[in-house]
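The values are calculated or read from the model by the stated rules, or taken from the named source; none is laboratory data. The shown structure was predicted, so the numbers you read here are calculated from the model rather than taken from an experiment. Don't worry about glycine lacking a Cβ; one is built from the backbone with ideal geometry, like all the others, and counts go over all protein chains shown.
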Amino acid sequence: MKTLTKRSWEIPESEATPEHVFLNRRQILAGLAGAGALMGSGLGMRPAFAEEDPSAGLYPVERNSAFTLDRPLTDEDAASKYNNFYEFGSHKQIWPAAQALKIRPWTVELDGMIDSPQTVDIDDLLAKMPLEERLYRHRCVEAWSMAVPWSGFPLAELVKLAGPQTGAKYLRFETFHDPSIASGQKQSWYPWPYVEGLTLAEATNELAFMATGIYGKPLAKQFGAPVRLVVPWKYGFKCIKSVVRISFTDQRPVSFWEEIQPKEYGFWANVNPSVPHRRWPQASERLLGTDERRNTLLFNGYEEQVADLYKNMTGELLYM
Ligand code: MTE
């Protein structure tokens with residue numbers, strides 16, 4: 001999404017030095033080694049990366065027809081090979097390195113101001129939750145977008161399972177922290193682990209979704225297996241990947257990017273074409289895997305479902 005190199009703060013993505021130029025030799029070699037291993041096993045030739053996932057038998061799940069798109073689905077290969085997952089590097093070709101992520105055993109801890117604190121095993125969670133498929137748009141603050149079929153369950157179901165207590169106002173999400181497999185986490189200038197937050201009202205909005213699959217299969221690792229947040233009316237950086245902990249709290253969480261650069265990234269991060277980011281104008285977006293650009297829509301086109309959440313808020317930076 002961005003480097004920590006000050007020189008590139010003010011210039012548009014198209015003019016910025018490609019991020020791989022900033023990678024040190026060791027990172028490049030590690031990435032190549034990962035890619036080579038995959039090619040050797042033949043996996044690198046295929047669009048799917050999740051053959052060994054024990055939840056594969058659960059997919060595809062039934063599509064919820066309430067969620068429709070205004071554009072074609074993004075090509076699976078294009079979406080699978082252009083990802084942001086800083087734990088595995090600050091470039092887009094994350095998929096080879098991300099295969100190092102161990103997705104079993106995997107647990108999600110629910111804690112904080114709730115009636116039922118618990119550590120849930122991912123496969124127990126998958127068995128418990130009402131899985132469905134939803135077609136959603138996804139808009140990155142870097143002004144690219146995709147349209148994908150997520151599988152998963154409403155975040156509201158997980159909130160129900162936790163049982164928030166009176167006074168709990170926010171959910172704080174946390175990603176795994178394991179520098180031994182995620183080389184990006186060896187870069188100590190980043191505030192690992194990746195953290196994101198939502199208000200309880202946002203988390204129980206009908207659109208808020210926990211994705212466990214995509215394209216009719218379990219999530220490939222580069223998409224944030226085995227479970228990631230999807231909030232399609234917000235910029236993509238809110239959609240935290242590979243979640244291990246959700247804490248209910250009365251304190252507004254400070255997210256990963258907000259901690260790094262509070263002038264550029266805030267808590268709300270709702271999509272708005274009229275509010276430019278310091279480095280990327282937001283009026284239009286590039287559709288991943290195509291040459292097409294489209295005008296960006298307020299709340300990424302989900303105004304009807306979410307505008308009420310922000311109705312009486314004054315003095316909040318809702319669009320950064
Ligand atoms: N989650 C974690 N843990 N680490 C990350 O670097 N990047 C975010 C978000 N979630 C990120 C993350 C950003 S900037 C975007 S745009 C989306 O993931 C990208 O999702 P995708 O790779 O599935 O398209």
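Is it true that V159 is outside any strand (DSSP E or B), over 18 Å from Q222 (Cβ atoms) and of a type in the set (V, I, T)? Lay out the reasoning, then the answer.
On the way: outside any strand (DSSP E or B): yes; over 18 Å from Q222 (Cβ atoms): yes; of a type in the set (V, I, T): yes.
Answer is yes for this residue.
Output the number of residues of segment 162-189 satisfying the condition of being in a loop (DSSP other than H, G, I, E, B) and surrounded by fewer than 18 Cβ atoms within 10 Å (Cβ to Cβ). I'd like the intermediate steps shown before the answer.
First, the residues of segment 162-189 that are in a loop (DSSP other than H, G, I, E, B): 163, 165-169, 176-182, 187-189.
Cutting the leftovers down to surrounded by fewer than 18 Cβ atoms within 10 Å (Cβ to Cβ) gives us 163, 165-167, 169, 177-181, 187-189.
Going through segment 162-189 one residue at a time, the tally reaches 13.
Yes/no per residue for (1) outside the structural domain of V231 (by TED's automatic domain parsing); (2) at pLDDT 50 or above; (3) away from the ligand (no atom under 16 Å from the Cβ):
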| position | (1), (2), (3) |
| --- | --- |
| E13 | yes, no, no |
| F22 | yes, no, no |
| Q27 | yes, no, no |
| S55 | yes, yes, yes |
| A66 | yes, yes, yes |
| F85 | no, yes, no |
| I103 | no, yes, no |
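Conditions first: (1) within 14 Å of the ligand (Cβ to nearest atom); (2) within 17 Å of the chain's Cα centre (by Cα). D178 passes all but one, so which condition is the exception?
All conditions pass for D178, except number (2).
Here is a check on your reading of the model: is F209 under 27 Å from D70 (Cβ atoms), in contact with a strand residue (DSSP E or B) (Cβ under 7 Å, 6 or more places away or on another chain) and in contact (Cβ under 8 Å) with a residue 40 or more places away in the chain? Working first, answer last.
Numbers: under 27 Å from D70 (Cβ atoms): yes; in contact with a strand residue (DSSP E or B) (Cβ under 7 Å, 6 or more places away or on another chain): yes; in contact (Cβ under 8 Å) with a residue 40 or more places away in the chain: yes.
Spelling it out, F209 is indeed under 27 Å from D70 (Cβ atoms), in contact with a strand residue (DSSP E or B) (Cβ under 7 Å, 6 or more places away or on another chain) and in contact (Cβ under 8 Å) with a residue 40 or more places away in the chain.
Every residue in segment 273-313 that is small (G, A, S) and outside any loop (DSSP other than H, G, I, E, B), please. Steps first, answer last, please.
Step one: of segment 273-313, the residues small (G, A, S) are 274, 283-284, 289, 301, 307.
Across segment 273-313, the qualifying residues are S284, G301, A307.
Of a type in the set (D, E), out of contact with any His (no Cβ under 9 Å at 6 or more places or on another chain) and within 15 Å of V141 (Cα to Cα): which single residue out of E304, E258, E316 fits that description? Reasoning before the result, please.
Details: E304 fails: within 15 Å of V141 (Cα to Cα); E316 fails: within 15 Å of V141 (Cα to Cα).
Answer to the check: E258.
Can you name the residue in segment 83-118 that is part of a loop (DSSP other than H, G, I, E, B) and of a type in the set (S, T, Y) and is also farthest from W189 (Cα to Cα) among such residues? First the steps, then the outcome.
In the first step, residues of segment 83-118 are kept if they are part of a loop (DSSP other than H, G, I, E, B); the result is 83-85, 89-94, 99-106, 113, 115-117.
Among the residues that remain, those that are also of a type in the set (S, T, Y) are: 90, 116.
Values: S90: 13, S116: 35 Å.
The selected residue is S116.
Results for (1) in contact with a His (Cβ under 7 Å, 6 or more places away or on another chain); (2) hydrophobic (A, V, I, L, M, F, W, C); (3) closer than 14 Å to P149 by Cα, shown as yes or no for each residue.
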{"position": "Q187", "(1), (2), (3)": "no, no, no"}
{"position": "A208", "(1), (2), (3)": "no, yes, no"}
{"position": "V231", "(1), (2), (3)": "no, yes, yes"}
{"position": "G236", "(1), (2), (3)": "yes, no, no"}
{"position": "V254", "(1), (2), (3)": "no, yes, no"}
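Would you mention how many residues in segment 258-267 are buried (at least 19 other Cβ atoms within 10 Å of the Cβ) and part of a loop (DSSP other than H, G, I, E, B)? Walk me through how you get there before you give the answer.
First pass over segment 258-267, keeping only residues buried (at least 19 other Cβ atoms within 10 Å of the Cβ): 258, 265, 267.
Right, trim to part of a loop (DSSP other than H, G, I, E, B) and you get 265, 267.
Count: 2.
Being surrounded by fewer than 20 Cβ atoms within 10 Å (Cβ to Cβ) and either within 30 Å of G57 (Cβ to Cβ) or away from the ligand (no atom under 12 Å from the Cβ) (or both) narrows it down to one residue among M210, M320, M313; which is it?
Numbers: M210 fails: surrounded by fewer than 20 Cβ atoms within 10 Å (Cβ to Cβ); M320 fails: surrounded by fewer than 20 Cβ atoms within 10 Å (Cβ to Cβ).
Matching residue, one of M210, M320, M313: M313.
I need every pair where a residue in segment 76-96 that is at positive phi has its Cβ under 9 Å from the Cβ of a residue that is of a type outside the set (V, I, T) and surrounded by fewer than 22 Cβ atoms within 10 Å (Cβ to Cβ), sequence separation at least 6 or different chains.
G89/E19; G89/H20; G89/L23; G89/Q27; G89/A30; G89/G31; G89/S183; G89/G184
Looking only at segment 218-257, how many residues end up being away from the ligand (no atom under 14 Å from the Cβ), surrounded by fewer than 21 Cβ atoms within 10 Å (Cβ to Cβ) and in a strand (DSSP E or B)?
Total satisfying the criteria: 1.
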